[in-house]
Structure formats: structure tokens, C-alpha cells
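> Sending over a structure as C-alpha cells; questions will come in a sec.
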Amino acid sequence: MARAARPGAPGEWVLLSYRIPREPSTPRITIWRKLKRLGVAQISDGLIALPADARTREHLDWIADEILEAGGSAAIWIARPGMTATERDLATAMAAARAAEYAKVTAEATAAADRDDTARLSLARRLRAELRRIHRRDYFPPAERDQATAAVEALAQPVVEQEEQTS
Amino acid sequence: MKWATRAAIHIDRAACAWLIRRHVDPDAEFVFVTDPAQVPADATPFDMRGVELGHHQGECSFETILRHYDLDDPVLWRIAQIIHEADLDDERYDAPEAPGLDVTLRGLSMICTDEQTLHHTGPIFDGLALSEIRAR
């Protein structure tokens, strides 16, 4: 993602500052799930961030409206971290969260290596969908991403073909 | 009538403009703004924060416009599911067409002005509607 105005300088982030009434809890939970799905970084209580681009800005805009509709308060800010280290910490935490998700996919794919072709292909389909979901919230791809992709694609290959490749 | 929406249009706004022109106002004229404060007084805003024809209760603006104008054609509601998934991607509906449509619109927005994007997406949505009719 080409984000920084100049190399090494912090890029733009879109921030959402918000407060949602504790009750009723349903809109609160719905909104929290949406934020989680987007892979936001939690800066502090009621303040989350995503690297700014047209898509992240739009998603957070609509979530802000949804919070207002639920009787809460919300505002969208475009901001630049004051120090490179602040951005690096955010990016590291976000990459670590995605790395854990990719590792889970890799483990699941690897554990099924001995199953028959049909079972492996069916698992590969499910894990490909899971990988797509993770990709969408992966703003700072960790090395685990390639490993997970390779593990899932290996699962989709018939066993015989794999043996030919390794011999 | 004049209609206003946010500039740098993507899937929901392009689909809404098509829907408005085909089913609400054949003479629709579209204005693109970068801030809600720039919406002309005589224009109806859509797919913008805080307006009636926007996202509500987890639905995208295309769905809101269908409800608002009592458009109950099942073909339009099927297209609404595709637009919903391409825009919100929340897996509420099964719409395998959505990722393809999303990337098509993203690509168009990289090389076209908003007016050009509307020009190109008109036949895309007309074709989508026809293929949905034929699939029935």
C-alpha cells in the first residue's frame, strides 16, 4: 500500500472516535463485530484507527452513522501520527493480529494433509474463503500470509500430483 | 430532477444512479460533491452520510432507494443483494457475482471520471438485470 507522503514519514490514518450506549446491547455488539471484521487498531477506549484509503474511510463513515442511529456519538478524523514510532507500533500490532489468524489457517490446512482428496478439497474451499476475509483486513501483510496461502493451495492439489512433484 | 452524491463513485453510487435513471427519474441529472455541505439546495442527496437515501439498518443505499420508492421487482432485489455484498461484504447474502463487480468498478474508477464511470456502468447494470431475468 503506497501510503506515506515520503519514505519513512508516517502516512494518513482514518480515526473513529465514538461512544455507544451500554444498553441496548445488540447495536453495540453489531458495531463491535463490524469493527473487528475490518481489522481496526484500538488506540484507546472509544478510539480506533485504520490506514486511510477510499475503502476504509467509507466503511468507517457508515459505521459512524450507524453509531449515531444507535443513539451514540461518533466522529471521523483524518490524522497523521506525530512520530514514525507511533505508526510502527500500530502497524506491528495489526500485523501480529493477522499473523495469528494466518497461523490458525496454516495449522488447520497442515493437519488435514493426510485426509482423502475430497475432504482436502472441501477444506481448501472453506479456508480459501477464510483467507479472503483475512486479506481484506490485512493492511501490513506478515510473512505468515504467504505460508497460509501455500498451505491452502497445497491442500487443493491431488495427493498423487504432489508425490510426482517431490520425487 | 437533480441528484447529488459523493465524488469518486464506487459500486453503490454507480448502481443507485442507474436505478434512479431507469426506475425513478429518467431525466436525472447527477452532481458529485466532496462534502455534504456542497449539495445544491435543489438536489436530492443519496449514498451520503446523514441523508435519507443512505445506509440504514445495515442496508446499502441501493436497498434504501428500492424501499423508499416501493420498487418491489424481484430482479431489482436480487441485484440489490449483489450490490450489498460488493459494497458491504458482510456475507448477509450469497452473491458470487459481487467480488467481480467490485473489482470492475474499482478498476473503472481508476481510469474514468465519475461521468465516464456512470456512462460505462449503465450497460453493465442493464446487462446484469437482463441476465437475472433470463436466469428465472
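The values are calculated or read from the model by the stated rules, or taken from the named source; none is laboratory data. The structure presented is a predicted model; accordingly, all values stated were derived computationally and were not measured. FYI the Cβ positions are ideal-geometry reconstructions off the backbone, even for glycines, and counts take in every protein chain you see.
> Within region B:1-64, considering only strands (runs of 3 or more DSSP E) that don't extend past its boundaries, which have at least 1 residues that are closer than 22 Å to B:Pro123 by Cβ and in contact (Cβ under 8 Å) with a residue 60 or more places away in the chain?
B:29-33
Residue by residue, here is whether (1) within 14 Å of another protein chain (Cβ to nearest Cβ); (2) in contact with a Phe, Trp or Tyr (Cβ under 6 Å, 6 or more places away or on another chain) holds:
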site: B:His10; (1), (2): yes, no
site: B:Val24; (1), (2): no, yes
site: B:Phe30; (1), (2): no, yes
site: B:Cys60; (1), (2): yes, no
site: B:Val75; (1), (2): no, no
site: B:Ala86; (1), (2): yes, no
site: B:Ser109; (1), (2): yes, no
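> Evaluate the following for A:Ser17: is it within 14 Å of another protein chain (Cβ to nearest Cβ) and either touching a Lys or Arg at 6+ places or on another chain (Cβ under 7 Å) or surrounded by 13 or more Cβ atoms within 10 Å (Cβ to Cβ) (or both)?
No; evaluated as a whole, the condition is false for this residue.
> Could you please find all residues in region B:60-88 being among the acidic types (Asp, Glu) and surrounded by 18 or more Cβ atoms within 10 Å (Cβ to Cβ)?
B:Glu63, B:Glu85, B:Asp87
> Find all pairs meeting these conditions: Cβ atoms under 7 angstrom apart; at least six residues apart or on different chains; first residue within region A:108-137 and farther than 27 Å from A:Thr56 by Cβ; second residue surrounded by 13 or more Cβ atoms within 10 Å (Cβ to Cβ) and of a type in the set (Lys, Arg).
A:Ala112/A:Arg120
> For region A:64-87, what are the residues that are of a type in the set (A, V, I, L, M), within 14 Å of chain B (Cβ to nearest Cβ) and either free of Cβ contacts under 8 Å to residues at least 24 places away in the same chain or in contact with a Lys or Arg (Cβ under 6 Å, 6 or more places away or on another chain) (or both)?
The answer is A:Leu68, and nothing else.
> Every residue in region A:137-151 that is within 14 Å of chain B (Cβ to nearest Cβ) and surrounded by fewer than 14 Cβ atoms within 10 Å (Cβ to Cβ), please.
Once the filter is applied, which keeps residues that are within 14 Å of chain B (Cβ to nearest Cβ) and surrounded by fewer than 14 Cβ atoms within 10 Å (Cβ to Cβ), region A:137-151 yields nothing.
> Just to be sure I understand, how many residues within region A:20-63 are among the β-branched types (Val, Ile, Thr), more than 14 Å from chain B (Cβ to nearest Cβ) and out of contact with any strand residue (DSSP E or B) (no Cβ under 7 Å at 6 or more places or on another chain)?
1
> Only one of (1) exposed (fewer than 15 other Cβ atoms within 10 Å of the Cβ); (2) aliphatic (A, V, I, L, M); (3) more than 14 Å from every other protein chain (Cβ to nearest Cβ) fails for A:Leu90. Which number is that?
(1)
> Go through region A:136-152 residue by residue and tally those that are assigned to a helix (DSSP H, G or I) and modelled with pLDDT of 95 or more.
Number satisfying all stated conditions: 9.
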